[in-house]
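Step one of this worksheet: look at the structure below.
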Amino acid sequence: TNPGFVVRITQAGLDYAHQQGIAVLEKELAHLKLPDISGDFRLRHVAKVHYEISRLDLRSFHLPYSRISLVPNVGLQVSISNAFAEMDGNWRVKMYFIRDHGSFDLKVENVYIKISLKLGSDASGKPTIDTSDCSTRISKVWVHFSGKFGWLYNLFRDAIESRFRKILESKVCENVVSSVRSELQPYARTLPVTARIDAMAGIDYSLVAPPTATAQSLDVGLKGEFFSLARRSAVPFPPLALAFPPDHDRMVYFGASSYFFNTAGFAYHAAGALVFEIADSTIPKGVDFHLNTTTFSAFIPQLEKMYPDMPMKLRLSTPSAPFLNVGPGGLSLRPVVDMQAYAILPNASLAPLFLLGVVSNVSAVIDVKSGHIVGSLKVGRIKLSLKHSDVGTFQVRMLQSIMNIFASNILVPRFNARLDQGFPLPLPDRIQLSNILVRFHQNFLLLGADVHYQPR
């Protein structure tokens with residue numbers, strides 16, 4: 001199944017994420033716990049020297065040079081070079097009657113670490129990330145012992161340095177694996193796979209497949225489907241493939257397909273949210289217009305005889321979900337609306353008056369605000385047709401000015417107030433977007449942005 005929504009992370013975006021991740025890893029490695037070391041060393045086939053190394057304290061671990069690379073069809077690879085660390089600890093030796101102890105300093109230089117990251121998704125559609133491989137190579141370990149028997153320490157320095165090298169190479173990768181599972185994996189899972197929008201609808205952002213690495217980017221295909229909270233039903237149209245342009249100026253791109261937008265109309269229609277009632281009390285102040293039979297009798301004279309000076313109610317509904325088109329020229333739709341007019345009788349019951357078909361071209365302006373897709377609608381020329389009348393025939397075009405008042409002063413402001421709240425983009429925790437780019441392509445909207453991560 002094609003995704004309805006695609007997230008593309010470019011090399012610039014990966015580089016930024018890599019900077020944040022390396023800072024975390026550097027802190028984690030600085031708390032590396034190393035075991036005590038003890039052993040025996042035979043001196044000139046005569047004396048046996050017993051040594052103990054304890055209370056190892058890693059003062060710092062620096063990762064000055066590193067990079068992240070895309071491995072097509074596999075995942076990501078992080079390469080760290082020329083890393084270095086410093087630690088200190090206590091030592092103790094015993095040979096015949098000679099016993100001594102003291103402290104030491106240890107420096108580790110030219111540390112090379114290579115980490116392969118495997119990307120996937122679980123049964124719930126959340127992203128997963130784990131280390132598929134890790135290797136560490138240390139070129140230089142230097143130990144300086146403090147004490148009066150310098151010649152003795154030098155005899156087993158090589159053995160100590162060799163053991164430190166092996167222990168560190170093993171412990172670094174253990175720590176990397178642990179950090180990915182305790183830090184990176186939980187953070188990746190903060191990507192919302194469902195987002196509640198309001199009391200009626202939500203968005204399904206679950207992954208339809210594991211993320212795909214190419215030579216230029218990491219692409220994540222999401223379901224991108226609105227659904228009714230009351231009753232979720234199958235969408236009667238499929239998502240189309242998105243032909244992403246080769247844009248890589250921003251850190252991240254979002255491709256919202258026409259499927260994504262049209263499932264919104266489908267979900268809200270299924271939830272009964274696309275039904276609006278207009279009464280005189282809902283007309284904004286300042287609009288010199290009253291919704292009653294006296295006003296309409298100027299266009300439909302028979303109303304004055306049948307229902308003299310009675311308040312009216314209009315009920316607008318869509319026979320089917322509105323279908324939205326996305327193309328290089330922008331975003332547009334041509335909704336078909338039924339408008340049923342009623343007279344409100346003295347006993348509060350409703351008397352049907354007439355049913356109009358209302359058609360208009362509607363265009364939309366799209367933007368991104370606070371991690372949400374926001375928009376506003378602009379209504380073009382309205383076309384009316386009489387579907388049924390309980391008050392005799394009349395000239396529908398005479399109602400054109402009234403419908404323009406309803407559209408511009410009531411319906412469009414109501415829609416735009418909702419659209420200004422927006423729909424959330426699939427973003428993990430503590431991510432802010434900036435430098436927003438909005439472009440329209442055939443069958444999808446492309447949003448580009450740079451990313452800023454806010455630590456806790």
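The values are calculated or read from the model by the stated rules, or taken from the named source; none is laboratory data. All figures in this text were calculated on a predicted structure; none of them were measured in a lab. Because the Cβ atoms are built from the backbone with ideal geometry, glycine has one as well, and the counts that use them run over all protein chains shown. We work out accessible area using only protein heavy atoms, side chains counted, and drop any ligands, DNA or RNA first. Shrake-Rupley method; radii C 1.70, N 1.55, O 1.52, S 1.80 Å.
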Inset, instruction - Considering (1) touching a Gly at 6+ places or on another chain (Cβ under 7 Å); (2) outside any helix (DSSP H, G or I), say which one F299 fails and leave the rest. - result: (1)
Inset, instruction - Mind checking which strands (runs of 3 or more DSSP E) fall wholly inside segment 1-80 and carry at least 2 residues that are open to solvent by 30 Å² or more (accessible area, probe 1.4 Å) and farther than 30 Å from F226 by Cα? - result: 37-43, 47-62, 65-71
Legend entry - segment 37-87: number of residues that are out of contact with any strand residue (DSSP E or B) (no Cβ under 8 Å at 6 or more places or on another chain) and aliphatic (A, V, I, L, M): 1
Legend entry - Residue list for segment 404-450, restricted to those being among the hydrophobic types (A, V, I, L, M, F, W, C) and assigned to a loop (DSSP other than H, G, I, E, B): L425, L427
Legend entry - Unmet criterion (only one of (1) more than 29 Å from S121 (Cα to Cα); (2) modelled with pLDDT of 90 or more; (3) crowded, with 16+ Cβ neighbours inside 10 Å) for K166: (3)
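With the structure loaded, tell me whether K114 is under 33 Å from the mean Cα position of the chain (by Cα), among the basic types (K, R) and either in a strand (DSSP E or B) or not assigned by the TED database to the domain that holds L63 (or both) or whether it fails that test.
Against the criterion (under 33 Å from the mean Cα position of the chain (by Cα), among the basic types (K, R) and either in a strand (DSSP E or B) or not assigned by the TED database to the domain that holds L63 (or both)), K114 qualifies.
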Inset, instruction - Give the residue, chosen from V78, V6, that is assigned by the TED database to the domain that holds D130, under 30 Å from L207 (Cα atoms) and hydrophobic (A, V, I, L, M, F, W, C). - result: V78
Inset, instruction - Would you point out which residue out of F276, F261 is closer than 30 Å to Q340 by Cβ, modelled with pLDDT of 95 or more and outside any loop (DSSP other than H, G, I, E, B)? - result: F261
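One line per residue, one yes/no per condition, for (1) under 36 Å from the mean Cα position of the chain (by Cα); (2) of a type outside the set (S, T, Y):
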residue: T1; (1), (2): yes, no
residue: L29; (1), (2): yes, yes
residue: I53; (1), (2): no, yes
residue: R59; (1), (2): no, yes
Legend entry - Candidate set from segment 374-390 (those that are touching a helix residue (DSSP H, G or I) at 6+ places or on another chain (Cβ under 9 Å) and open to solvent by less than 40 Å² (accessible area, probe 1.4 Å)); member that is farthest from F423 (Cα to Cα): L384
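Only one residue in A364, A348 is of a type in the set (G, A, S) and either assigned to a loop (DSSP other than H, G, I, E, B) or not assigned by the TED database to the domain that holds T293 (or both). Which one?
So the residue among A364, A348 that is of a type in the set (G, A, S) and either assigned to a loop (DSSP other than H, G, I, E, B) or not assigned by the TED database to the domain that holds T293 (or both) is A348.
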